[in-house]
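Engineer: This is the structure I want to talk about, given as C-alpha cells.
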Amino acid sequence: MLDVAIYDATVATWDSKYTYNRPRPTVIDATFATAVTTPASPSYPSEHAAVGGAAATVLAYLFPDDADALTAKADEAAQSRVEADVQFPSDTAAGLDLGRNVARLVVERGKTDGSSVPWDGTIPTGPGMWSLDGYPEGAAPVA
C-alpha cells in the first residue's frame, strides 16, 4: 500500500505541475536565496509534500499509535521546502492534501482486496496463480 500510494501521488502531482505550470519562488523573485538547488520543474503542487502526505497517511493506518508523529513528520518535510525557498506554502499545502487523498483511496482499496487476511502457509494453485518457479501455473518460460 505504501509504494502504491507514493507512486500514485507522485504521478498525480507531476500531472498537476504541468497543468498549472506555476513558477518557483526564485523565478518570481530572484532575491530568494535557496537552501537547495532550485528544481527546473513547476512549483505547484509540491511533490515532496505529496509523497510525505501519502506515506504518513498509509503508515498512520498501519501504525495508528504513531499517527500523530507521522503526520507531524510529513508536515515538517513539506515545510522544509518552503524554508528552502523552492516552494510556496500553497504548493506544499496542495501537495500534502493530494498525497493524503490518494493514500486514503489506497487504504480503502486495501481494506477490501484481501491483503489483510493472514497467510495460512498454503500456496494457492489454479489459473492465474503464480507457481514456485515464478511462472503462472501452466505457463512455461520463453526460450
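The values are calculated or read from the model by the stated rules, or taken from the named source; none is laboratory data. Computed from a predicted structure; not experimentally measured. Here the Cβ positions follow ideal geometry from the backbone for every residue, glycine too, while neighbour counts run over all protein chains shown. Remember, those area values only see protein heavy atoms, side chains included, never the ligands or the DNA or RNA. Shrake-Rupley method; radii C 1.70, N 1.55, O 1.52, S 1.80 Å.
Engineer: Does Asp97 satisfy the condition of being part of a helix (DSSP H, G or I) and either among the aromatic types (Phe, Trp, Tyr) or surrounded by fewer than 14 Cβ atoms within 10 Å (Cβ to Cβ) (or both)?
Structural biologist: For Asp97, the condition - part of a helix (DSSP H, G or I) and either among the aromatic types (Phe, Trp, Tyr) or surrounded by fewer than 14 Cβ atoms within 10 Å (Cβ to Cβ) (or both) - is not met.
Engineer: Quick check: is even one residue across the stretch 3-23 open to solvent by less than 80 Å² (accessible area, probe 1.4 Å) and over 16 Å from the mean Cα position of the chain (by Cα)?
Structural biologist: yes
Engineer: Another question, then. Filter the stretch 79-89 down to the residues that are part of a helix (DSSP H, G or I) and not charged (D, E, K, R), then identify the one that is least open to solvent (accessible area, probe 1.4 Å).
Structural biologist: Top of the filtered list is Val82.
The rows are residues; the columns are (1) of a type in the set (Lys, Arg); (2) open to solvent by 50 Å² or more (accessible area, probe 1.4 Å); (3) assigned to a helix (DSSP H, G or I).
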site	(1), (2), (3)
Tyr61	no, yes, yes
Ala77	no, no, yes
Asp91	no, no, yes
Val102	no, no, yes
Val106	no, no, yes
Ser116	no, yes, no
Pro124	no, yes, no
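Engineer: Looking only at the stretch 6-44, which residues are aromatic (Phe, Trp, Tyr) and not in a loop (DSSP other than H, G, I, E, B)?
Structural biologist: Scanning the stretch 6-44 gives Tyr7, Trp14, Tyr18, Tyr20.
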